[in-house]
1. Aspartates and glutamates near residue 48 by alpha-carbon distance under 14 Å, same-chain residues fewer than 8 away left out - which ones?
2. Give me the angle, in degrees from 0 to 90, between the Cα long axis of helix 24-46 and the longest principal axis of the Cα atoms of the chain, rounded to the nearest 10.
3. Give me the orientation-averaged projected area of the Cα convex hull of the chain, in nm², one decimal.
4. What nm value, rounded to one decimal, do you get for the distance between residue 39 and residue 6 when each label is placed 7 Å out toward the C-beta?
Amino acid sequence: MSIFSKAKPASSTEFSRFIREASSAEKKRVYSDVIKRASDRQVAIAGKPVRADSR
């Protein structure tokens, strides 16, 4: 028995497959879309008034 036992590898996910197998162009397209959506959501949230009872 070893103190430094190897961890069992996690099962593969769609995300890990994408990271391993997608082309650079496809990754750039997806990353750009994700960043655009996140930015749009942040702008929408930042523009909403803060309710006094939510603090």
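FYI, it's all coordinate maths here, none of it is from the lab. Just so you know, these numbers come straight off a predicted model, no measurement behind them. Positions of Cβ are generated from backbone atoms using ideal geometry, with glycine treated the same way; all protein chains shown enter the neighbour counts.
1. 40
2. 40
3. 8.5
4. A separation of 4.3 nm, rounded to one decimal place.
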